[in-house]
Amino acid sequence: MPIFTPRFVRELTLRKRLVITLACMALVLVLPAFYAIERLDEIRDIAFDLKGKHGAAEVALSRLEADLGQVDASLRSYVADPSPESRAVVFETLGRTRTQLAGLTEAGYQDDTAAISAAIQHLEYVTLSLERLLYAGEVGRATDYFFEDIQPVLRDAKASLIPVSEAVDRQSDAAAERAAELSSATATTIPIAVLISLGFALLIGVLIIGKFISPLQRLRTAMSSVAQGEFEASSELSVERVDELGDLNRSFVSMTEQLAELNRIRAEFVSIVTHDLKTPINVLGGYAEMLQEGTYGELSEGQQAALSAMEEQAGVLLEQVNQLVDLSRYEAGAFQIDIEPLYLGDFCTSLDRAFEALAQQKGVRLEFDVDPQAPEIIEADGDRLRNEVLGNLLGNAFKFTDSGGRVSVKVRADLPRRDRVLIEVSDSGVGIPAEELPHVFDMYYQGQSGARAKGSGIGLAIAREIVEIHGGEIAVESREGRGTTFRVTLPVTQEGRERDASQADEAMHPTGDQPPELQLVG
């Protein structure tokens, strides 16, 4: 049942909907966020107290205890050796006790350090008395004074540290306990509040945003269809919307219509141009051939060379025109193949004869190797395989192989699948960079540098199309500077091709939907 949507909601733009959604989400999330921030601030303050005030007090107390022990040791040394250096050490150590006492006071324990302060003051007084005895040279009396009067003062000073240590421990434990209580309460309260807030936020988001998720998915599907060459806008696109999605849908529909028109015009143009170009090219080639044969009189050696170049370029131009025709068929899905028995031995012999002159001209060794175990006959379109597939592969091999190199064609059974034949075209040329390998069969793709940057970029795409129409596969393997190998796998019989197509069809259409049939003749 469709959900009723008020008119003012339908007329909202996407930007306004997003702003409203974010504002509502912020509104329901702000309360638990503020609560969490407040609790975290309190826990942070406790942590700072533990690390700052209580930690500083512990450090000062520990150092004060160590300094009192140092005072005892320095006084003993002073009695044994009443030199100015010993005296300086005594009063320097007493000064450090005052510094540590000040640290305890700054940490907030001034109420607990009265006893320590009095003990240190008394210790300073008796130390001055000891100094006067030693200054008067009464070492014996000074020694007795140290053990009878100063030692009890030192013991009292050390004993006065105990209440302060207990106070520091009590306050630290209390702060830690408070932090634990806050943490426990926060850990319980915040998840509940967040879950409730998220529930409200999700509900608001679904209600507001849900209205344009479905249109976006339909638009994405329509764009995928256009990317695959189907220039027909889907009727499910909501062109009546008044928001940005409606504008986008209308623009997309208009663009699709223009692309369809441009595609129709381009196809007509290619068809007309190729038809009009073929006749004059064939006439030029025919006249050049007749001139070479001396039909119109004897020619000089230079004229013969010029005519040879003209005939060669006319052939190249005718090949380009034929590729335009093949391109039109490729994009229209109108390739036809004429299936008939093809003798692989004769097929390789005709290829050898066709490329022998080119191999000699470039100084490249051409080799054909037909495995005795390979099928003698396969069912295929020999002309298509010779011209669009093997012709393209061999042409590329010679194009990218320098003089002194090697081009080879190997034919063998595709073990262990004896119902298929494998044809390998290898060369020792410049190779293909690794980053370009995934794109060599893409339409219009050309290499980024060197010889591979020249050409139309449609030959290998057409070769793949012909191989796949036969029910076969084509793959490439190459190492830059080490050569390239193209592998073409074809079914031996039409029955094998139909069986492979049926298996692939079942994998791609498990529900029983069937793809369009390929156009075959034979």
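Summary table below
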{"item": "Members of the range 479-501 that are modelled with pLDDT under 90, among the small types (Gly, Ala, Ser) and not in a helix (DSSP H, G or I)", "result": "Gly481"}
{"item": "Qualifying position, being at pLDDT 70 or above and of a type in the set (Val, Ile, Thr), among Ile196, Ile208", "result": "Ile196"}
{"item": "Unique match (being more than 21 Å from Pro375 (Cβ to Cβ), modelled with pLDDT of 85 or more, within 37 Å of the chain's Cα centre (by Cα) and in a loop (DSSP other than H, G, I, E, B)) among Gly447, Gly429, Gly457, Gly471", "result": "Gly429"}
{"item": "Residue within the range 409-418 that is free of Cβ contacts under 8 Å to residues at least 60 places away in the same chain, more than 13 Å from Leu351 (Cα to Cα) and assigned to a helix (DSSP H, G or I) present", "result": "no"}
{"item": "Test: residue in the range 364-378 that is under 26 Å from Val321 (Cβ atoms) and in contact (Cβ under 8 Å) with a residue 40 or more places away in the chain", "result": "no"}
{"item": "Residue in the range 415-426 that is in contact with a helix residue (DSSP H, G or I) (Cβ under 9 Å, 6 or more places away or on another chain) and surrounded by fewer than 14 Cβ atoms within 10 Å (Cβ to Cβ) present", "result": "no"}
{"item": "Test: residue in the range 334-345 that is in a helix (DSSP H, G or I) and within 19 Å of Val492 (Cβ to Cβ)", "result": "yes"}
{"item": "Any hit, the range 386-401, residues being on the phi < 0 side of the Ramachandran plot, surrounded by fewer than 18 Cβ atoms within 10 Å (Cβ to Cβ), at pLDDT below 90 and part of a loop (DSSP other than H, G, I, E, B)", "result": "no"}
{"item": "Meets criteria (among the aliphatic types (A, V, I, L, M), part of a helix (DSSP H, G or I), touching a helix residue (DSSP H, G or I) at 6+ places or on another chain (Cβ under 7 Å) and at pLDDT below 85) for Ala119", "result": "yes"}
{"item": "Only one of Ala115, Ala136, Ala102 that is under 28 Å from Glu166 (Cα atoms), of a type in the set (A, V, I, L, M) and surrounded by fewer than 16 Cβ atoms within 10 Å (Cβ to Cβ)", "result": "Ala102"}
{"item": "Filtered residues of the range 341-380 (kept if under 47 Å from the mean Cα position of the chain (by Cα), surrounded by fewer than 18 Cβ atoms within 10 Å (Cβ to Cβ) and over 19 Å from Gly395 (Cα atoms))", "result": "Val370, Asp371, Gln373"}
{"item": "Selection from the range 130-168 of residues that are farther than 16 Å from Asp81 by Cα and polar (S, T, N, Q)", "result": "Gln151, Ser160, Ser165"}
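The values are calculated or read from the model by the stated rules, or taken from the named source; none is laboratory data. Quick caveat, the model's predicted, so the values are computed rather than measured. Don't worry about glycine lacking a Cβ; one is built from the backbone with ideal geometry, like all the others, and counts go over all protein chains shown.
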